[in-house]
């Protein structure tokens, strides 16, 4: 079940990551074109909902993998 802090985290992280990634990829694709902002906004409007869904789906899986990695690292300590 999704609790409020996890939902807020998902919305904020999805926004920041999608803004950053679409900024970089739009800049690489079109450069500083006259309509850069509008192209970037159009791409971000698609990327943001995708990012939210991906975070909701992948977060539990990523948390489990992180815990396993941390457990393996702790067991390797002298």
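A short reminder: the numbers here are calculations on the coordinates, not readings from a lab. In this text, all values refer to a predicted model and were calculated from it rather than measured experimentally. Methodologically, a virtual Cβ is constructed for each residue, glycine included, from the backbone with ideal geometry; neighbour enumeration extends over all protein chains shown.
So that you can scan it fast, the table gives a plain yes or no per residue for (1) loosely packed, with under 15 Cβ neighbours inside 10 Å; (2) touching a residue at least 12 places away in the same chain (Cβ under 8 Å); (3) assigned to a helix (DSSP H, G or I):
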position: 13; (1), (2), (3): yes, yes, yes
position: 34; (1), (2), (3): yes, no, no
position: 43; (1), (2), (3): no, yes, yes
position: 52; (1), (2), (3): no, yes, yes
position: 61; (1), (2), (3): yes, no, yes
position: 66; (1), (2), (3): yes, no, yes
position: 73; (1), (2), (3): yes, no, yes
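For the stretch 22-45, what are the residues that are within 28 Å of residue 56 (Cα to Cα) and touching a helix residue (DSSP H, G or I) at 6+ places or on another chain (Cβ under 7 Å)?
Hits for the stretch 22-45 are 22, 23, 26, 39, 40, 43, 44.
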